[in-house]
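The values are calculated or read from the model by the stated rules, or taken from the named source; none is laboratory data. Just so it is clear, the model here is predicted, and its values are computed rather than measured. Here the Cβ positions follow ideal geometry from the backbone for every residue, glycine too, while neighbour counts run over all protein chains shown.
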Amino acid sequence: MLEVSNLACSRGDHRLFSGLSFNLQPGQIMQVQGVNGSGKTSLLRTLCGFLRPDEGDIIWRGESIRELDEDYYAEMLYLGHLNAIKDELSALENLCISAGLSGVELEEKEAMIALRRMGLRGREMLPTKVLSQGQRRRVALARLLVSDATFWILDEPLTALDVGAVGLIQELIGEHLAQQGMVIFTTHQPLHVAGTEMRTVSLS
Amino acid sequence: MKKSSMLDLLLLVIRRDLILAMRRRADVLTTLVFFVMVVSLFPLGVGPELGMLRKMAPGVLWVAALLASMLSLGRLFSADYLDGTLEQMMLAPQSLSMLVLGKMAAHWMVSGLPLVLMAPVLGLQFDMSVQALGVLILGLLLGTPILSMLGAIGAALTLGLRGGGVLLSLLVLPLCIPVLIFGAGAVDAISSGLSIVSHLSLLGALLVLALVFTPWVTAQALRISME
């Protein structure tokens, strides 16, 4: 499904990684490992198409993501360091709008169910500026519940989350993999998904 | 859950930006108050000579509208850029140009349309005739969307730069000169009894050109800014 061949990426004059090749099939999960500054986020942003690789290619279903563009975006979901939620909007509005941007029209009821599963019961209508850092992250992560994307790209999904929420994210990833989804992620916290082999790619 | 079409997405972006503008009303009001202030300073500064005021009215109103529309441009993409929403917009399964067009439309409704509605009231300070006011409104109605669209290109190019606000004005203002010339020219023409058709047609043509090209150019500029 996803094939990365001979990828090289640099920021400014600094070469982050080169000759990176791996592939990912439905039902597989891959962790990107490396110290701070080794290019984990750059790799994920390259997979999103934000950064142009110096060399190499990223192939999705047999075609380069550069050419697929919107067809690729319809099948992937990216969750970065930034939560992409608006302080002025309520959790519910935020979720409906971000689902809308990713091409899914969400009914209020479905959004409520997703937010409640993320442990935000009673906070659905509050403007997100009054929520805590972890709760805001939960609002952002609620997108995982309402998305129908196959390929999840998660950049440090566990930051600011408490133990309960980390368990929930592991559960969600497990469900996604069981439905033949694909996940690539970075984290500095341990993340265990039952029933699947965790593949890794190391950047040095 | 159902898939959304291109038009749904356009409407979603417009609605979202309008809701956000309504929750941050101060931003909208600053633009409008700035416009009113600048225009009102001229009769006070130049003196109450009606002939001169009438003559300079179209120019003053247009220049003030131009400057006022610059004020809110800096915020067009920067808030979305800082909180990560812009990343998500780029990953939308529809063309980024369409989303950009939505943002331009919302920007115009929030910062251009109020100027158009305010202009006739301000025009009275300059003793403009009813006909001239009508042409002024018509011109602004055609011209202010062009200002929003040209401004969006500048806003996208200066995204994330320090001191981008001044640079933005320097980039965009020269591009707005044709709009200023034809917009103010139309009012001058009707005041001296000439036909306004040519001026307004040219403004209309500029509007169509801008509608076709600026969303695409802005989308490209945004992609460059994100790298």
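Here are some notes:
- Annotation note: Cβ proximity below 7 Å between a residue of the range A:35-46 that is among the hydrophobic types (A, V, I, L, M, F, W, C) and a residue that is in a loop (DSSP other than H, G, I, E, B) (sequence gap 6+ or interchain) occurs for A:Leu43/A:Leu203.
- The single residue among A:Ile97, A:Ile153 that is closer than 26 Å to B:Met98 by Cβ, touching a Lys or Arg at 6+ places or on another chain (Cβ under 8 Å) and at pLDDT 90 or above turns out to be A:Ile97.
- Count of the range A:66-84 residues, restricted to those that are more than 7 Å from every other protein chain (Cβ to nearest Cβ) and free of Cβ contacts under 8 Å to residues at least 60 places away in the same chain, is 6.
- Qualifying residue in the range A:122-130 (condition: without any contact (Cβ under 8 Å) to a residue 12 or more places away in the chain, farther than 21 Å from B:Leu91 by Cα and β-branched (Val, Ile, Thr)): yes
- Qualifying residue in the range A:134-143 (condition: touching a Phe, Trp or Tyr at 6+ places or on another chain (Cβ under 8 Å) and within 14 Å of chain B (Cβ to nearest Cβ)): no
- Selection of the range A:181-204 for residues being in a strand (DSSP E or B) and among the β-branched types (Val, Ile, Thr) yields A:Val183, A:Ile184, A:Thr186, A:Thr200, A:Val201.
- In the set (1) buried (at least 17 other Cβ atoms within 10 Å of the Cβ); (2) within 16 Å of the chain's Cα centre (by Cα), the condition left unmet by B:Val28 is number (1).
- The conditions of being surrounded by 16 or more Cβ atoms within 10 Å (Cβ to Cβ), within 28 Å of B:Leu180 (Cα to Cα) and more than 11 Å from every other protein chain (Cβ to nearest Cβ) are met by B:Ala57.
- Every listed requirement among (1) surrounded by 20 or more Cβ atoms within 10 Å (Cβ to Cβ); (2) closer than 28 Å to A:Pro26 by Cβ; (3) of a type outside the set (Asp, Glu); (4) at pLDDT below 90 is met by A:Leu120 save one, (2).
- Residue match in the range B:76-87 (condition: of a type outside the set (Lys, Arg), touching a His at 6+ places or on another chain (Cβ under 8 Å) and in contact (Cβ under 8 Å) with a residue 60 or more places away in the chain): yes
Condition check ((1) in a loop (DSSP other than H, G, I, E, B); (2) at positive phi; (3) charged (D, E, K, R); (4) over 15 Å from the mean Cα position of the chain (by Cα)) across all residues:
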{"site": "A:Arg15", "(1), (2), (3), (4)": "no, no, yes, yes"}
{"site": "A:Ser21", "(1), (2), (3), (4)": "no, no, no, yes"}
{"site": "A:Leu44", "(1), (2), (3), (4)": "no, no, no, no"}
{"site": "A:Phe50", "(1), (2), (3), (4)": "yes, no, no, no"}
{"site": "A:Asp57", "(1), (2), (3), (4)": "no, no, yes, yes"}
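- Of the numbered criteria (1) of a type in the set (A, V, I, L, M, F, W, C); (2) more than 14 Å from chain A (Cβ to nearest Cβ); (3) without any contact (Cβ under 8 Å) to a residue 24 or more places away in the chain; (4) in contact with a helix residue (DSSP H, G or I) (Cβ under 6 Å, 6 or more places away or on another chain), the one B:Val135 fails is (3).
So that you can scan it fast, the table gives a plain yes or no per residue for (1) over 25 Å from A:Ala114 (Cβ atoms); (2) at the interface with chain A (Cβ under 10 Å from one of its Cβ atoms); (3) not aromatic (Phe, Trp, Tyr):
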{"position": "B:Leu7", "(1), (2), (3)": "yes, no, yes"}
{"position": "B:Leu12", "(1), (2), (3)": "no, yes, yes"}
{"position": "B:Asp17", "(1), (2), (3)": "no, no, yes"}
{"position": "B:Arg23", "(1), (2), (3)": "no, yes, yes"}
{"position": "B:Val28", "(1), (2), (3)": "yes, no, yes"}
{"position": "B:Glu49", "(1), (2), (3)": "yes, no, yes"}
{"position": "B:Trp62", "(1), (2), (3)": "yes, no, no"}
{"position": "B:Leu66", "(1), (2), (3)": "yes, no, yes"}
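- The condition (being free of Cβ contacts under 8 Å to residues at least 60 places away in the same chain, surrounded by fewer than 22 Cβ atoms within 10 Å (Cβ to Cβ) and more than 12 Å from chain B (Cβ to nearest Cβ)) is satisfied by just one residue among A:Glu107, A:Glu63: A:Glu63.
- A:Asp155 being touching a helix residue (DSSP H, G or I) at 6+ places or on another chain (Cβ under 7 Å) and within 28 Å of A:Gly39 (Cβ to Cβ): yes
- Counted residues, the range B:158-186 - those being farther than 15 Å from B:Ala65 by Cα, of a type outside the set (Gly, Ala, Ser), over 14 Å from the mean Cα position of the chain (by Cα) and buried (at least 21 other Cβ atoms within 10 Å of the Cβ): 2
- Lone qualifier among B:Leu203, B:Leu142, B:Leu222 - being buried (at least 23 other Cβ atoms within 10 Å of the Cβ) and within 14 Å of another protein chain (Cβ to nearest Cβ): B:Leu222
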